[in-house]
Amino acid sequence: MKKRLKKKKAYKQYIKDIFEGYEAMLGNPELEELKFNYLKEETVLTRDENRQIRFRTHDII
């Protein structure tokens, strides 16, 4: 049970970090890329050629 709660808490923190990173990129146009990891998953926030922020999530092998 504790293991499940720890994973749930870690996942909530992962989601929170992603949105805080998004807000940081909105506030600072100098940031080009941010990466966040959770277990075997990685989310990358990048800016495209139009300077819009894009989310990309993929599994880490």
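So here's what we get for this one:
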item	result
Residue count, the range 12-37 (criterion: open to solvent by 100 Å² or more (accessible area, probe 1.4 Å) and either more than 20 Å from ASP59 (Cα to Cα) or in contact with a Phe, Trp or Tyr (Cβ under 6 Å, 6 or more places away or on another chain) (or both))	3
Given (1) at positive phi; (2) loosely packed, with under 10 Cβ neighbours inside 10 Å, index of the condition ASP48 fails	(1)
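The values are calculated or read from the model by the stated rules, or taken from the named source; none is laboratory data. As the structure is a computational prediction, the values presented were derived from the model and not from experiment. For neighbour counting, all protein chains shown are included, and Cβ atoms are generated from backbone atoms with ideal geometry for every residue, glycine included. Keep in mind that these areas ignore ligands, DNA and RNA; they rest on the heavy atoms of the full protein, side chains included. Shrake-Rupley method; radii C 1.70, N 1.55, O 1.52, S 1.80 Å.
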